[in-house]
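Right, one structure below, let's go through it.
The values are calculated or read from the model by the stated rules, or taken from the named source; none is laboratory data. Everything quoted here is computed from the prediction, not taken from an experiment. We place every Cβ from the backbone using ideal geometry, glycine too, and count neighbours over all the protein chains shown.
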Amino acid sequence: MPFIPHTDDDIQAMLKAINVDSIEALFDEIPKNLRQDLAADGSPTTSLKSVPAGLPEFEVARILHERANQDGASSCFIGAGAYEHHIPAAVWEITTRGEFYSAYTPYQAEASQGTLQLLYEFQTMMASLTGMDVSNGSLYDGASSLAEAVLMAVRANRKSKAKRILMPNTVHPHYRETAHNIVHNQNITLETLEYDASTGVIDVNSLPEEPGDIAALVIPYPNFFGGLEDVDVLTDWAHEHGALVIAVVNPLALALLKSPGQWGKDGADIVCGEGQSLGVPLSSGGPNYGIMCCKQAYVRQMPGRVVGQTVDLDGKVGYSLTLQAREQHIRRSKATSNICTNQGLVVTASTIHMAIVGAEGLKRVAAQSHANTQALAERLCQIDGVQKCFAGPNFHEIVLQLELPTETVLRSLAASNILGGYALNKYYPELGEAILVCATETKSDADIEAYATKLERVFALQGASRCPVQPKMR
Amino acid sequence: MSEVPENLKYAKSHEWVLIDGDTATVGITEHAQDLLGDLVFIELPDVGTTLEAGTECAVVESVKAASDVFCPMSGEVTEVNEDLVDAPETVNSSPYDGGWLFKMTISNAAEANDLFDPETYSGLAADDH
């Protein structure tokens, strides 16, 4: 029996049923100039024109080494949602052992006790960091975890009928775009809450007195600028107005900061965020993983897999997937989500990372990252033409305003293998020439000084070019 | 053969309804709970919700499935069985008594004519096996 299920007759019958002449006609809406599989005369071919001919393995390895070197040596001061942290060598050594090495969720409990126990430990760690009652076994990434949290809040907040979500624009812009893409066709509206221009966080005195029917308020912690929102006041305000509180967090920061479960009188209701800071390397944008935790009352509205602890017939402890009636293989179209294969392998690494580093280790990483960023900001602000954008506390990122175009500055720094920060012009044009910088525990005093020295030179050179007559300095 | 009380009306989707004047009490049949198995969670409608006959009004979740409960008649929910929040298994042990789901004020008594009598429902449930 062939593996290809469709015979030519099957294909012709199906085309006839939908009244289409050929399979090719199904792709008509794709502009011809974007098609890589068409010959010059427009006829389909089996080769892709932008893909070159094959090379020997040796040649390919040489090319890949060359390209890897292009970004391998840089000193990275960019955060903006993905952070460079030290990962003990043991983490990926253990993660890539055959017993763990699978991205897939273990349905078959009798053959997967190790992986299931690890996921159970992961959930315990996440619930502990966030101060929530339960955690799922992870989602895809931070941005989609926020979208899932919004959908979940609309389902869970049965008092609210309006499907309105208050979304501060201090939430990561990519997260806001992703959430919008996923929820807007379900008639859920994300209403922007502006930050205060002097502090870079939401001014709690500017919150509307009569916000109307809102399903949830999103609180980023830390926010995209690295700033710390007034979480207690915001949480209580949301609850007073019948809204749930969705915390979107960097879990590493929670090793140091107040966990969402402790916010205000009753704590946040749903916690989501990006888990990359915990043992996952920067790797051209992924793979990352999303986290999601919530209060017990909302567990049946939570998407994704949950592993539970139980006992077998002999009373021995065992682990298995639980609460599966929420999920698509049982609940079909009414499932809380169709997330089945989560980021299992990345979560495995993250769990092993947290187990090796420990609660105290995470706290020290967070504290050192905070201290390094303060040191970086202080040092850079000694340069004429650089200043802090906002007053107020921050975690391990900070916004700096420059008197030169960010593009010029960042390009000059990159030429010296320094990735100097994230330009905010695109998403926050009101800040003018501003960059978001981050110095994690991986940066030494010498790294910070090297950055500052180079930036000084950039300003001296560029500053000079703006000034036709040089004052004599001696 | 599961129990089908004589004083109730039945829907094809295995709900029962007890009509008393303009008040109706709604639950799921013994046959339905038998098909579902041990119930672990029940999501009830909010008091004050207006429901239309044939629409989803509750969810019963067992260890192996989650099923929608369809409202047998139109009306407004006046009371829900709060005991089921902590003891959903009551629906298994006492589907026609302690395991009622909610009460409602019915808005169209004629809809009762569309429901099955006990004898017809018994035949329907028997065919399921």
Any idea how many residues of segment A:4-23 are in contact with a helix residue (DSSP H, G or I) (Cβ under 9 Å, 6 or more places away or on another chain) and small (Gly, Ala, Ser)? 1
Considering only segment A:399-421, state which residues are part of a helix (DSSP H, G or I) and in contact (Cβ under 8 Å) with a residue 40 or more places away in the chain. A:Thr408, A:Val409, A:Ser412, A:Leu413, A:Ala414
Quickly run through segment A:67-77 and pick out the residues that are modelled with pLDDT under 95 and either in contact with a Leu (Cβ under 6 Å, 6 or more places away or on another chain) or within 14 Å of A:Leu410 (Cβ to Cβ) (or both). A:Ser74, A:Ser75, A:Cys76
If you take the residues of segment A:80-116 that are within 22 Å of the chain's Cα centre (by Cα), of a type in the set (Ser, Thr, Tyr) and surrounded by 16 or more Cβ atoms within 10 Å (Cβ to Cβ), which of them is nearest to A:Asp312 (Cα to Cα)? A:Thr105
Select from segment A:328-339 the residues that are in contact with a strand residue (DSSP E or B) (Cβ under 8 Å, 6 or more places away or on another chain) and not aliphatic (A, V, I, L, M) and write down the one among them that is farthest from the other protein chains (Cβ to nearest Cβ). A:Lys334
Take the residues of segment A:1-29 that are small (Gly, Ala, Ser) and farther than 20 Å from A:Ser43 by Cα: which is surrounded by the most Cβ atoms within 10 Å (Cβ to Cβ)? A:Ala13
Filtering segment A:264-281 down to residues that are of a type in the set (A, V, I, L, M, F, W, C) and touching a strand residue (DSSP E or B) at 6+ places or on another chain (Cβ under 7 Å) yields A:Ala268, A:Ile270, A:Val271, A:Cys272
What residue, of A:Leu146, A:Leu119, A:Leu151, is under 20 Å from A:Ser277 (Cβ atoms), within 18 Å of the chain's Cα centre (by Cα) and of a type in the set (A, V, I, L, M)? A:Leu146
For A:Leu254, indicate whether it is in a helix (DSSP H, G or I), surrounded by 20 or more Cβ atoms within 10 Å (Cβ to Cβ) and under 20 Å from the mean Cα position of the chain (by Cα). yes
Scan (1) more than 19 Å from A:Leu345 (Cβ to Cβ); (2) among the hydrophobic types (A, V, I, L, M, F, W, C); (3) at pLDDT below 95 for the single condition A:Ala103 breaks and write down its number. (1)
Mind checking whether some residue in segment A:126-134 is buried (at least 21 other Cβ atoms within 10 Å of the Cβ), in contact (Cβ under 8 Å) with a residue 40 or more places away in the chain, out of contact with any Lys or Arg (no Cβ under 9 Å at 6 or more places or on another chain) and not polar (S, T, N, Q)? yes
I'd like the residue in segment A:173-193 that is out of contact with any strand residue (DSSP E or B) (no Cβ under 7 Å at 6 or more places or on another chain) and touching a residue at least 60 places away in the same chain (Cβ under 8 Å) and, out of all such residues, is nearest to A:Ser145 (Cα to Cα). A:His174
For A:Gly142, state whether it is more than 19 Å from A:Gly290 (Cβ to Cβ), at pLDDT 95 or above, away from chain B (no Cβ under 14 Å) and surrounded by 21 or more Cβ atoms within 10 Å (Cβ to Cβ). no
Answer yes or no as to whether A:Val357 is surrounded by fewer than 23 Cβ atoms within 10 Å (Cβ to Cβ), more than 14 Å from chain B (Cβ to nearest Cβ) and in contact (Cβ under 8 Å) with a residue 40 or more places away in the chain. yes
Report yes if some residue within segment A:109-130 is closer than 30 Å to A:His180 by Cβ, touching a helix residue (DSSP H, G or I) at 6+ places or on another chain (Cβ under 6 Å) and outside any helix (DSSP H, G or I); otherwise report no. no
Tell me which of these A:Leu345 doesn't satisfy, since it passes every other one: (1) at pLDDT 95 or above; (2) under 26 Å from the mean Cα position of the chain (by Cα). (1)
Tell me, yes or no, whether segment A:307-327 has at least one residue that is at pLDDT below 90, part of a helix (DSSP H, G or I) and away from every other protein chain (no Cβ under 14 Å). no
